[in-house]
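Asker: Just passing along the structure, written as structure tokens.
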Amino acid sequence: MEQLKCTTTNCIHNLCSHCNATVVGVDSKGRCATKMKRAGGALEQTFAELEAAEEFLSDAPDIVNCDAECLFNKEGRCSASSIYVKDSFFRTKCDTRIVE
Ligand code: SF4
Ligand code: SF4
């Protein structure tokens, strides 16, 4: 994958909308299963972002494994070149998902 933009406000893998996980898992409902909340919540993420150097931010995970029904799902792997992940009411979901 070339690019993953994730706008979650609270994940240990997230800095400035970039995901630094090497492998991301998306479950059958399109929810990010790799998300891990920071102990200090969204505030801790805000402080981490203030200290982050732009040049060290990751572009995308190497692999996105996915169990969701989606046009881009090829045998359990995401084949999209870029995806957008964002917070919804209760969970953080892939917004690029297209159900055929
Ligand atoms: S894609 Fe998932 S693991 Fe990566 S920053 Fe977003 S919520 Fe965290
Ligand atoms: S675009 Fe589709 S295949 Fe790729 S992670 Fe999102 S739901 Fe899964």
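Asker: Go through L43, L71, L4 for me and flag whichever is of a type in the set (A, V, I, L, M) and in contact with an Asp or Glu (Cβ under 6 Å, 6 or more places away or on another chain).
Answerer: Only one candidate passes the filter, namely L71.
Asker: Kindly indicate the residue of region 42-69 that is more than 14 Å from V24 (Cβ to Cβ) and touching a residue at least 40 places away in the same chain (Cβ under 8 Å) and also farthest from ligand 2 (Cβ to nearest atom) among those meeting that condition.
Answerer: Looking at the filtered set, the residue picked out is L57.
Asker: Looking at K93, is it among the basic types (K, R) and more than 10 Å from the chain's Cα centre (by Cα)?
Answerer: Against the criterion (among the basic types (K, R) and more than 10 Å from the chain's Cα centre (by Cα)), K93 does not qualify.
Asker: Determine if region 61-71 includes at least one residue that is more than 16 Å from the chain's Cα centre (by Cα), farther than 20 Å from E2 by Cβ and of a type outside the set (V, I, T).
Answerer: The answer is yes, given that some residue of region 61-71 is more than 16 Å from the chain's Cα centre (by Cα), farther than 20 Å from E2 by Cβ and of a type outside the set (V, I, T).
Values in this text are rule-based calculations from the coordinates and carry no lab data. Since the structure is predicted, the reported quantities are computational estimates derived from the model, not experimental observations. When we count neighbours, we look across all protein chains shown, and the Cβ atoms used for this are built from the backbone with ideal geometry, even at glycine.
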